[in-house]
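Notes to accompany the following structure.
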There are 4 protein chains.
Amino acid sequence: MADRLRIAVIGAGRIGAVHARTIRDHDRAELVLVADPDAAAAAELAAALGADSTADADAALTSDAVDAVVVASPTPLHVPHTLTAVAAGKAVLMEKPVALEVAAVDACIEALGENAGRVMVGFNRRFDPSVAEVHARVQAGQVGTVEQVTIVSRDPAPPPSEYLKVSGGIFKDMTIHDLDMARHLIGDIESVHAVGQHLDPEVEDVYDAATLTLTATSGAVAVIVNSRHSVAGYDQRVEVFGSTGTLEVTNQRASSVRLHDASGTEQSGPFLPFFLERYRRAYAAELGSFIEAALSGAPQTPSIADGRAALALAEAADRSARTGTTIDLEVAS
Amino acid sequence: MADRLRIAVIGAGRIGAVHARTIRDHDRAELVLVADPDAAAAAELAAALGADSTADADAALTSDAVDAVVVASPTPLHVPHTLTAVAAGKAVLMEKPVALEVAAVDACIEALGENAGRVMVGFNRRFDPSVAEVHARVQAGQVGTVEQVTIVSRDPAPPPSEYLKVSGGIFKDMTIHDLDMARHLIGDIESVHAVGQHLDPEVEDVYDAATLTLTATSGAVAVIVNSRHSVAGYDQRVEVFGSTGTLEVTNQRASSVRLHDASGTEQSGPFLPFFLERYRRAYAAELGSFIEAALSGAPQTPSIADGRAALALAEAADRSARTGTTIDLEVAS
Amino acid sequence: MADRLRIAVIGAGRIGAVHARTIRDHDRAELVLVADPDAAAAAELAAALGADSTADADAALTSDAVDAVVVASPTPLHVPHTLTAVAAGKAVLMEKPVALEVAAVDACIEALGENAGRVMVGFNRRFDPSVAEVHARVQAGQVGTVEQVTIVSRDPAPPPSEYLKVSGGIFKDMTIHDLDMARHLIGDIESVHAVGQHLDPEVEDVYDAATLTLTATSGAVAVIVNSRHSVAGYDQRVEVFGSTGTLEVTNQRASSVRLHDASGTEQSGPFLPFFLERYRRAYAAELGSFIEAALSGAPQTPSIADGRAALALAEAADRSARTGTTIDLEVAS
Amino acid sequence: MADRLRIAVIGAGRIGAVHARTIRDHDRAELVLVADPDAAAAAELAAALGADSTADADAALTSDAVDAVVVASPTPLHVPHTLTAVAAGKAVLMEKPVALEVAAVDACIEALGENAGRVMVGFNRRFDPSVAEVHARVQAGQVGTVEQVTIVSRDPAPPPSEYLKVSGGIFKDMTIHDLDMARHLIGDIESVHAVGQHLDPEVEDVYDAATLTLTATSGAVAVIVNSRHSVAGYDQRVEVFGSTGTLEVTNQRASSVRLHDASGTEQSGPFLPFFLERYRRAYAAELGSFIEAALSGAPQTPSIADGRAALALAEAADRSARTGTTIDLEVAS
């Protein structure tokens, strides 16, 4: 088993840059290549981090100098890029969502066959130290039987309208993280009810806010509350209510300064502004987990099956919101 | 307009005792009479507070020495006691719920006719200083347009099984407070979706936990999460998310002591144990509002119409939980 | 042993009114008389609480209808009023400070002789539920050996200048509470160092802020930080740092509302404004302790010896601040 | 002005490694060399970060391939290493303390002459985002006139006894950071009073805890409370009380998880364990400030004069604790 994993990053956009820098800073990883059809963007990112660059994604995906790839290309390319890399023997860390349709994920899973374990889907929040701690403590029985989970996830501001057009809608783009979190904490979901809201006339999306109720086969219920615009900042909270206690992840701040004055006695600083800051350590831990599995040959987690399950829940939520009915899901027996 | 309101309390049970003591301590009220079929209980409570007692509720409801009555008798007697008192010209503070069926409330409203304004329904949480502050700040526009409301309400432990048998179920007994709170904060509700859980085999109720999603005619959505057993204590939180900010009511504690030691760095004391402690000041403020309206002749709020609306939502929630469908409500135009 | 203690309050001022109302609301106390040379003030307070009144303090202090008195007269009358009442066989709850000079306290102690145990000095903060909890947990060894105590005590605004002129200065008037708290938590003090500040030109006092360092015979050190003007409100904190943990009493608020908006993400409401609100429950608990000892004949605590010790520390602090030297105290062996 | 600063780190110990890694991760810095008499230690650290290594400190301090050096050698070498580097035209970031005696610092300042501005002293806490925010807000007048500062600084556990023997004692080793912080927030100090405690028999130091009171020429007073053993973890708090408000820096935690259960309702995770974690971002910001001044030629801050002033306060505190007197300082006019 090698000491360090040589990694190429496919996509020099915002999330690709996060991964590239995380790789550069990791003791057991080496950033060898950045690929992007925008050759200048690839070159600039690569130069800043001491790596090579290329405009040819396929070359990167199949290069002999590369052990693993991070697929951070646009969503429609996630599946083809992943299949090419896996065919070339690489481990793959694929950004979410796997695709915009469950059928496409099923096709990918079939094509991967017994190599599916080489693919990790980037549900980074599982690796957030606070979320991971809650998960571990839940698994260790610290709150007894989990009965109710409440997830609040609100973005500070909506993405640009050109992004919204290709995002697949709030459930596949934004809620999908919370759907994976709910599965992570309470297991298989058997029904979904969703209410969508369109509040901000400036946002060209059917729904820019949503509230979901999920029931699990365990008997637990999860509530998810989303909004694309939270003036107080990135609002990321999780609460697990169990028979013997409650665990919660509260919002985090960059500074620990509080002001007390005549107008109020406790004024804390702003939340960590957005996912790059809030989940910085999550990306590093995600990469660490990916590297460890890639080097040891263990199956990657979250798996592409997790990616499929979250997407199926997102599709169900969308249907529920549009029809006003509760959607039952087929749960693999 | 008289200076002080002479009040009789009907019912010497737990909630009757709360009201009796609150009246005794109020500057503009005088506790004159406590009535209970259990004459000894009435006498004991009355003696401790310097009042007279009787086993004859009707005598108290119609006594010339009484300006107003607090109806804290068992739920099936709420309507008859209220009607008797109003017929005798008294103002009435009626404990919730008005009745266990909407039809009974409608009959009461019809019988009251133009005297309905003399009746306050005891949704005490509206008068909690923190809730009242949030409501006032919402009304003052401090969070802009209200978009999402989250209410968590969990009791420390279920009531005795003999109480559960007559309580009308979790939605009419417990959730009804949260349903009134939701209406108070976002106005008329047009649809209700509820999921019930039966988690504790010891609790002889169909549901001992529930999750509700309410949509308001305003476009806002409210989520309510209930449980009859919260080992960490009485869990009472409200959050109003608006277009320009979020207001929240957090849990309260009896002491402000925190311990930091090797096993953890911030350990606060328990929540206020239950409603008598948590809403002590709410009961006092509720009484103050009742007295003021009774003395001035202004219509009481929350009104019996509010009591009806909350009960109708509770019935709808029960139906939704049993059928798995979303229930649409008739909203008075 | 009687069931209820019949109590007269001497002094119808602000603090006298607090005691009178607390007595009225206490199950085992009866407010029988309010005495004040200002007969109208006495009558008004008495009428509101269902008691009699008099302008003749001596009559109240010696009345057969009275078992105990609360001495809330001006400081120079504390000792004579107390001696008269004790001579008449009453129990006495005396407001702090006992006097403005240690010599006067010594004379009082000598005059009381073996009846000294019938006198409680009103260091109400010992009875605050949070402080009492910290004290009990410290005694129970929850933080191991106490090593350092930090007390922050800041008033929202200075008292009127006519009060300041007779107050005896910041150390005897304000710090005395903190000096008693320090003794309560770490025992006998053997040296005092104080720095005085005169910050507000409007305040006609030598010092309107102060910082003290006390060393105890136990080896522990206490720091006290005082100010007469805290724009954020009444700032009352205590922290006990021990070998196995830290206990702290944080500031308290009337409401539990927090606002998150674009200008800040956690804005809590104001502190409880001043001592009447912050220490309301302390006054009730203090009275309860006084009644219990008075009815059972047990010696009162805090004793007049505690009152003397705190005053001696206040005198030492004053001397230290004026001379810049550390003052050693005689500790009773 | 060059784009990137080529830096050598002198000393491959714990703090040297922190600086080396921080340099490696900085956009405008290049780690070129690690020097340590323990050649293996230097080589290992250098290899991990892609730099060269040497056992010859002088070679590193004068190398043409180096623009600046971080002096993280043992305290007695701070001055000679700094003088060698400055003579060779380098910018120097020198770890604290400059030396163990004020006289040695004065000799260094004299030897540096007009090059003193090329030397930064590593008071990293000034660069902590929270401390920097408080400082900026104080400078901006957000709390009016600063009147009282309270600094609590407690280490989780004492350093090894071999370190303690050469540390210079608690005031020069540990308090020196807080003394610099006090100067940073309230300016020149004119008197120091200190009480030392020796609490832990295992710690071979005269004092393992201390409490200081500093008076500033501005009229403000600062209190510092130190301990070498805090079982709850690294306790780092600062509070600035001013005429119009209070700013505080609270302790920080690695996770934002809280547990509520039957034994307590709010249990947060441990503090960030020690300075490497708590001040990680401070080291990065410190380096950034150093680089900017080195590249632009601006004088470094904190300066060697700041290092001298903090050491003089530490010496005064030591004398005060040993003699029980208040020590007046000469303040440069």
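The values are calculated or read from the model by the stated rules, or taken from the named source; none is laboratory data. Here the structure is a predicted model, which is why all the values come from computation and not from measurement. For neighbour counting, all protein chains shown are included, and Cβ atoms are generated from backbone atoms with ideal geometry for every residue, glycine included.
The table below lists the values:
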| item | result |
| --- | --- |
| From the options B:Ala220, B:Ala209, B:Ala232, B:Ala254, residue that is of a type in the set (A, V, I, L, M), in contact with a His (Cβ under 7 Å, 6 or more places away or on another chain) and within 11 Å of another protein chain (Cβ to nearest Cβ) | B:Ala232 |
| Meets criteria (without any contact (Cβ under 8 Å) to a residue 60 or more places away in the chain and closer than 19 Å to A:Ser167 by Cβ) for A:Arg319 | yes |
| Residue that is farthest from the other protein chains (Cβ to nearest Cβ), among those in the stretch D:132-146 that are surrounded by fewer than 24 Cβ atoms within 10 Å (Cβ to Cβ), assigned to a helix (DSSP H, G or I) and of a type outside the set (Gly, Ala, Ser) | D:Gln139 |
| Helices (runs of 4 or more DSSP H) fully within the stretch B:3-92 counting 2 or more residues that are of a type in the set (Lys, Arg) | B:14-24 |
| Which numbered condition B:Val225 misses (of (1) within 14 Å of chain C (Cβ to nearest Cβ); (2) part of a strand (DSSP E or B)) | (1) |
| Residue in the stretch A:161-177 that is away from chain D (no Cβ under 14 Å) and without any contact (Cβ under 8 Å) to a residue 24 or more places away in the chain present | yes |
| Which numbered condition C:Lys96 fails, given (1) without any contact (Cβ under 8 Å) to a residue 60 or more places away in the chain; (2) crowded, with 17+ Cβ neighbours inside 10 Å | (1) |
| Matching entry among B:Gly307, B:Gly242 (being away from chain C (no Cβ under 14 Å) and among the small types (Gly, Ala, Ser)) | B:Gly307 |
| Enumeration of residues in the stretch B:26-43 that are within 13 Å of chain C (Cβ to nearest Cβ) and in contact with a strand residue (DSSP E or B) (Cβ under 9 Å, 6 or more places away or on another chain) | B:His26, B:Arg28, B:Glu30, B:Leu31 |
| Counted residues, the stretch D:222-242 - those being surrounded by 24 or more Cβ atoms within 10 Å (Cβ to Cβ) and over 21 Å from D:Pro156 (Cα atoms) | 3 |
| Every residue from the stretch C:98-121 that is part of a loop (DSSP other than H, G, I, E, B) and more than 23 Å from C:Gly288 (Cβ to Cβ) | C:Ala99, C:Leu100, C:Glu101 |
| Any hit, the stretch A:201-215, residues being aliphatic (A, V, I, L, M), modelled with pLDDT under 90 and over 24 Å from A:Gly169 (Cα atoms) | no |
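Residues are listed down the side, and each one gets a yes or a no for (1) surrounded by fewer than 17 Cβ atoms within 10 Å (Cβ to Cβ); (2) over 30 Å from A:Asn251 (Cβ atoms); (3) without any contact (Cβ under 8 Å) to a residue 40 or more places away in the chain; (4) not hydrophobic (A, V, I, L, M, F, W, C):
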{"position": "D:Thr244", "(1), (2), (3), (4)": "yes, no, no, yes"}
{"position": "D:Ser255", "(1), (2), (3), (4)": "no, no, yes, yes"}
{"position": "D:Gln267", "(1), (2), (3), (4)": "no, no, yes, yes"}
{"position": "D:Arg278", "(1), (2), (3), (4)": "no, no, no, yes"}
{"position": "D:Ala285", "(1), (2), (3), (4)": "no, no, no, no"}
{"position": "D:Arg308", "(1), (2), (3), (4)": "no, yes, no, yes"}
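Yes/no per residue for (1) buried (at least 17 other Cβ atoms within 10 Å of the Cβ); (2) under 30 Å from A:Leu247 (Cβ atoms); (3) at pLDDT 95 or above; (4) not assigned by TED's automatic domain parsing to the domain that holds A:Val66:
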| residue | (1), (2), (3), (4) |
| --- | --- |
| A:Leu83 | yes, no, yes, no |
| A:Ala87 | no, no, yes, no |
| A:Ala107 | no, no, yes, yes |
| A:Ala157 | no, yes, no, yes |
| A:Ile170 | yes, yes, yes, yes |
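Residue-wise test of (1) closer than 29 Å to D:His135 by Cβ; (2) away from chain D (no Cβ under 11 Å).
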residue	(1), (2)
A:Glu204	no, yes
A:Ala216	no, yes
A:Leu247	no, no
A:Leu259	yes, no
A:Pro273	yes, yes
